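Okay, structure first, notes after.
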Amino acid sequence: MSPMAGRARVFGDDINTDYIVTSRRKRESLDPEYLRHYLFEEIDPAFAATVAPGDLLVAGANFGCGSAMEVAVTAVLGAGIHAVLARSFSRTYYRNAVNNGLLPVVCDTSAIAEGHRLRLDGALVYNETTGESLPGEPLPAIMLAIVSAGGLVPYFRTRTDFDSVS
Amino acid sequence: MAGKTITEQILSGKSGRNAKAGDVVVCTVDSAMGTDGSVPMALDYFQAMGGTRVSDPSRLVFALDHYAPPPTRATALLHQRMRDFARDQGVALWDTGEGIGHQLMVESGRAWPGALVVGADSHAVTYGALNCFATGIGSSDLAAIMKCGRIWLRVPESIRVELTGVLPNGVYAKDIALALARELGADGAAYQAIEFTGSGLDSLELEDRLVLSNLSVEMGAKNGVFPFDARTAGWLRGRTRNSYSPVSSGADARYARHVHIALDSLVPLVALPHRVDRVTTLEDAAATPVHMVYLGTCTGGRVRDFHQALAVLHAGGGPAPGVQLVVTPASRTELETLARDGSLAEFIAMGAVIGTPGCGSCCGTCGTIPGDGVNVISTANRNFKGRMGNSHAAIYLASPAACAAAAVRGAIADPREVTP
Ligand code: SF4
């Protein structure tokens, strides 16, 4: 995973996938280019207009709970966001993130505020605004291989099966 | 096998490794289901992966349930695409009107003890009631399964939930699930498995267990599994063609946490808007006005649920004026049973709107959508803001009997106290 840097966009606890993008919008289209315009529309109507490529999502506990719908990951990627930091994730969101090449980082996000500049190197988070380092949980090998490939699609372009786990 | 939870044992068998909580393993999938909410994207992934033929079509099934019937041209096109793909690849498909994929999985024997079963929808955990490892996955996972038949999984730790005693009159499986949600919180079982156990299971029908497994994901659980007993065997008889070997936990299996629920001590409960773990007693919420009552979903859309609701509706002389009653059976088989035994005619006579078997209003993708300021009480599993298609409505979750009591009174009420 190459290092990345960006601006923190901060949300609270228990952000469910319908808050990320509503199932109603999903009925209209599955295209991330379309859905990115409706990111967080129910809970932060200003978000979609102000999100910039390279921004990093930051959340509290249980990010991505609720429906397993994958557009809640692809719409985030569609907006140019490549990592999500949270105190914890719902497992389906975590899976979908890995499988699409969106880096999920589990770390203590409580001291990160909206607009902070963050640098990410693997699971290590450095808050340039506060000078604080946060150790995130490193990803197990197979997940890292999938995220680094850019998700399951590029992963399977060069393989017919999962690499065996050792 | 000593020392292992049910989940660890199943995942060991399916990965060919000695799997312990915390390991990441690659497992062979026995049975998989995708819905119209997840398959269209899975087909995109599959094609982008260079997939041409599904590795083992006999293990896969598609359900057209979330847009049943399709309310727009765009969703009708999704259905057409799924039908075409299924026909070309020899994949089974449950068409519009046959019911909710999860219900059909357990009705048709596509989930069985000891199996690893996945569904590209979070409520695939429902099948855990049948002593299998069942979990919800994404569209990309489903595409990988179509390609190679396998999946990566982190082996979860398990929470052991011991149930003892017998439910009092007027208290149902839904109340056990809400009590557990109150105890654990909406993320209290995140990344973990819930393993149900205890003498209290003896009195729980398979339908009751389906409710508990179904709601385990609302506490963040990866799967919610039951041991095997005569009720499981009875349910599977004539349904599954697969031979199976039941799995029970090892005597010294390790659990992350122990929770005990004494069924005798439970009272009727309700989850308040907009969180499943904002649980209070029906008594405390009593008199909250209710405008729409929804009976259906993969949690509360089975014959038994409708019978429980009807008993209360009868006792109370039918729904109060101005209350909209919506009835959506979980499958065509359930609808047929209700038609045969006269229940359907009674619902119709009470002015109920009868929905196509499927997800209906549950997630706002089709069916009746509540208006602004409307309080809905529902037999479903989720009450997030906007869940039923309108973020200006509020959703309460309760047992079928409690929903029926609310219909009678036009306000939240205890089903035991409903009289004409
Ligand atoms: S009935 Fe509701 S919870 Fe169940 S699968 Fe359908 S939308 Fe999901």
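The values are calculated or read from the model by the stated rules, or taken from the named source; none is laboratory data. This is a predicted model, so every value here is computed, not measured. All Cβ positions, even for glycine, are placed from backbone atoms using ideal geometry, and neighbour counts span all protein chains on display.
Do the conditions hold for B:ARG73, that is, is it away from chain A (no Cβ under 12 Å), over 28 Å from A:PHE162 (Cα atoms) and away from the ligand (no atom under 16 Å from the Cβ)? No: the conditions fail for B:ARG73. For the condition part of a loop (DSSP other than H, G, I, E, B) and within 16 Å of the ligand (Cβ to nearest atom), A:ALA61 does not qualify. The residue that is farthest from the other protein chains (Cβ to nearest Cβ), counting only those in region A:4-37 that are surrounded by fewer than 21 Cβ atoms within 10 Å (Cβ to Cβ) and closer than 22 Å to B:HIS274 by Cβ, is A:VAL10.
Of everything in region B:208-233 that is in a helix (DSSP H, G or I) and within 11 Å of chain A (Cβ to nearest Cβ), the residue that is farthest from B:ARG302 (Cα to Cα) is B:MET219.
What residue, among those in region B:105-119 that are of a type in the set (A, V, I, L, M, F, W, C) and either more than 11 Å from the ligand (Cβ to nearest atom) or surrounded by fewer than 23 Cβ atoms within 10 Å (Cβ to Cβ) (or both), is nearest to B:GLY34 (Cα to Cα)?
This residue is B:VAL118.
In region B:345-363, the residue that is modelled with the highest pLDDT out of those that are on the phi > 0 side of the Ramachandran plot and near the ligand (Cβ under 9 Å from one of its atoms) is B:GLY358. Among the residues making up region B:49-58, those that are in contact (Cβ under 8 Å) with a residue 60 or more places away in the chain and either of a type in the set (A, V, I, L, M) or within 9 Å of chain A (Cβ to nearest Cβ) (or both) are B:MET49, B:GLY51, B:VAL54. Across region B:286-307, the qualifying residues are those that are crowded, with 24+ Cβ neighbours inside 10 Å and assigned to a helix (DSSP H, G or I), and the one among them that is farthest from the ligand (Cβ to nearest atom) is B:PHE306. Looking at region B:364-385, which of its residues are touching a strand residue (DSSP E or B) at 6+ places or on another chain (Cβ under 9 Å) and within 13 Å of the ligand (Cβ to nearest atom)? Passing the criteria: B:GLY367, B:SER378, B:THR379, B:ALA380, B:ASN381, B:ARG382, B:ASN383, B:PHE384.
Taking the listed residues B:GLU162, B:GLU183, the one that is away from chain A (no Cβ under 14 Å), at negative phi, in contact with a helix residue (DSSP H, G or I) (Cβ under 8 Å, 6 or more places away or on another chain) and charged (D, E, K, R) is B:GLU162, with no other qualifying. Counting only residues that are free of Cβ contacts under 8 Å to residues at least 60 places away in the same chain, more than 14 Å from chain B (Cβ to nearest Cβ) and not in a strand (DSSP E or B), region A:122-166 holds 5 of them. Annotation note: of B:VAL312, B:VAL276, B:VAL259, the sole residue that is within 27 Å of B:ALA189 (Cβ to Cβ) and either surrounded by fewer than 20 Cβ atoms within 10 Å (Cβ to Cβ) or more than 16 Å from the ligand (Cβ to nearest atom) (or both) is B:VAL259. Could you please find all residues in region B:120-159 being among the hydrophobic types (A, V, I, L, M, F, W, C) and within 16 Å of the ligand (Cβ to nearest atom)? Within region B:120-159, B:ALA120, B:ALA124, B:VAL125, B:ALA129, B:ALA134, B:ILE137, B:LEU142 qualify.
Every listed requirement among (1) hydrophobic (A, V, I, L, M, F, W, C); (2) away from chain A (no Cβ under 14 Å); (3) crowded, with 23+ Cβ neighbours inside 10 Å is met by B:ALA124 save one, (2).
Screening region B:309-420 for helices (runs of 4 or more DSSP H) wholly inside it with 2 or more residues that are within 14 Å of chain A (Cβ to nearest Cβ) returns no ranges.
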